[in-house]
1. For the list (1) in contact with a Phe, Trp or Tyr (Cβ under 9 Å, 6 or more places away or on another chain); (2) free of Cβ contacts under 8 Å to residues at least 24 places away in the same chain, I need the number of the one condition that A91 fails.
2. Could you run through the stretch 139-153 and say how many residues are small (G, A, S) and either touching a Leu at 6+ places or on another chain (Cβ under 8 Å) or part of a loop (DSSP other than H, G, I, E, B) (or both)?
3. When the residues of the stretch 215-253 are narrowed to those that are β-branched (V, I, T) and under 12 Å from I283 (Cβ atoms), which ends up surrounded by the most Cβ atoms within 10 Å (Cβ to Cβ)?
4. What are the residues in the stretch 71-87 that are hydroxyl-bearing (S, T, Y) and farther than 20 Å from L266 by Cα, if any?
5. All but one of (1) free of Cβ contacts under 8 Å to residues at least 60 places away in the same chain; (2) buried (at least 18 other Cβ atoms within 10 Å of the Cβ); (3) closer than 29 Å to D268 by Cβ hold for S68; which doesn't?
6. Just wondering, is there one or more residues in the stretch 264-275 that are farther than 19 Å from K80 by Cα and surrounded by 15 or more Cβ atoms within 10 Å (Cβ to Cβ)?
7. Here is a list: D126, D139. Which entry is more than 25 Å from N226 (Cα to Cα) and either modelled with pLDDT under 95 or within 17 Å of the chain's Cα centre (by Cα) (or both)?
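The values are calculated or read from the model by the stated rules, or taken from the named source; none is laboratory data. Everything numeric here is computed off the predicted structure, so don't read it as measured data. Here the Cβ positions follow ideal geometry from the backbone for every residue, glycine too, while neighbour counts run over all protein chains shown.
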Amino acid sequence: MNIERFIKARKALGLSQAELCDGICTQATLSKFENSGKAPAIRILTQLCARLSLTLDDVFPVNPPAQSEASELLDQAEFKLITSEYDSASADLEKVNFTDLTANGQMQYYFVKGYLTALREEPIADALYYFNLILNDLDDNHSTIFTNLAYTGSGIAYSHNHENQKSEFFFQKVFDDLHNLPLNSNKSIWRALNMVFYTAEYFAHVNDFKTSDPLLAYGYDICANNHVTYYAARIRFRQAQNAIALNKPTADVIELLNDAKTFAKLNDNQLLLERIKETQATI
């Protein structure tokens, strides 16, 4: 709420709280609004705003503050990790002016850069360098979600380098903290699902389906409870792959693949749709 604008408008008109609320509400109601942000009833608020020649949009802006170009590019690149558009995400990062970034923006940059390096199986030393910039420099107190994202990325990098013992060390650190993941915004949900999915994928990679399957189910529940479809497609496809590895009934596999296909179509994830098609052809 833009209470500051409300107060400035009242003072610009030379009105005291008592004068503004006369005939509309008690001074205590207005005082609570101005001092603590406790909004009065909508009828009261609209009358107060009308007396100040303000609209509700002045007090409750419809449009959120515009993001900087650098922040938009970072969010765009991070989202493309979900749909495996790694080359396009890398192109977005190249457009980011690093000097425009806040400390959080720098951690987001290194997290995305590290993931792209690991997922494209580029030299592991490069991926670990980006993650270490987060762990040992920008978030050396390990107080942000970027620490867990860096642990996850390190696990991915070691897994792709066929160093399973080191990979599991990092995924275990992620697993131990999964219950503390914040789920209070779309971006935090993406990031939580990122950690859940890649941890589950690692355990599937080492044929520990007893660990992988519950993690995938947990991730799918997060998707369902928060109305997020982006990771639902990848989770369902990974569940189908696990089901194939475990020789589960063909009908179960087909159902999972059909779910994955539906979600992938919703999100226009062409890369995943192609992988689903290839898998269906082998059943």
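1. (1)
2. Here is the first cut: in the stretch 139-153, the ones small (G, A, S) are 143, 150, 153.
When the remaining residues are screened for being either touching a Leu at 6+ places or on another chain (Cβ under 8 Å) or part of a loop (DSSP other than H, G, I, E, B) (or both), the result is 143, 150.
Going through the stretch 139-153 one residue at a time, the tally reaches 2.
3. Out of the qualifying residues, it is V253.
4. Start the filter on the stretch 71-87 by keeping residues that are hydroxyl-bearing (S, T, Y), which leaves 71, 83-84, 86.
The answer is S71, and nothing else.
5. Looking at each condition in turn, S68 falls short on (2).
6. no
7. D139
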